[in-house]
Structures are given as C-alpha cells and as structure tokens.
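These notes concern the structure reproduced below.
The numbers here are math on the coordinates, done by the rules we state, and not lab data. The structure presented is a predicted model; accordingly, all values stated were derived computationally and were not measured. Ideal geometry is used to build each Cβ from the backbone, glycine not excepted, and the neighbour counts take in all protein chains shown.
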Amino acid sequence: MYNSITRILADPVASSTATAMWDEGDGWRGWTIKDDGRYYFHDIPEPGMSDIMDVLMEREYEKEQ
C-alpha cells in the first residue's frame with residue numbers, strides 16, 4: 001500500500017486525482033490524494049464503502065477550510 005502511494009505521489013498526472021478503498025474483512029479503509037499533493041488516510045474500519053467515502057470527503061473539506 002505505501003509503495004502505491006509513493007508511486008502515485010511521484011507521478012504528476014496520477015497524483016492529481018487518486019482514491020483507493022478496500023475491505024479488510026473487519027471494515028472498509030481508504031485514502032485519497034488531492035491535486036495539491038495532500039493525501040488523507042483513514043485506517044479505522046468503516047462498515048460500508050459509502051461510509052469510508054463520506055469520511056474521506058469530510059477530511060478533504062475540513063482541510064480546505
């Protein structure tokens with residue numbers, strides 16, 4: 001996972017928009033990268049994919065404020 005984040009951050013086109021979400025059996029986790037190079041990682045299990053999407057979007061919004 002960390003290798004994939006490093007590769008995306010090194011590629012200017014790929015790092016402009018990237019999001020990954022996965023289910024580890026106990027819940028969904030994910031990360032997203034914004035075009036300014038900031039990335040947001042959430043490793044607390046969430047019950048569903050839409051829940052992790054909401055968490056990541058809220059984090060992005062909070063950082064913009």
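Which log10 I(q)/I(0) values, to two decimals, does region 2-64 give at q = 0.25 Å⁻¹ under the Debye formula with one point per Cα? Each listed q maps to, in turn, -1.03. Shown is the FRET efficiency for M49 and A10, computed with R0 = 30 Å from the Cβ-Cβ distance and rounded to the nearest 0.05: 0.65. The charge dipole of region 2-64, taken about its Cα centre with unit charges on the Cβ of Lys, Arg, Asp and Glu (plus for the first two, minus for the last two), comes to roughly 300 debye. Going by neighbour counts of Cβ atoms within 10 Å, the residues I8, I33, I44, I52 line up, fewest first, as I44, I8, I33, I52.
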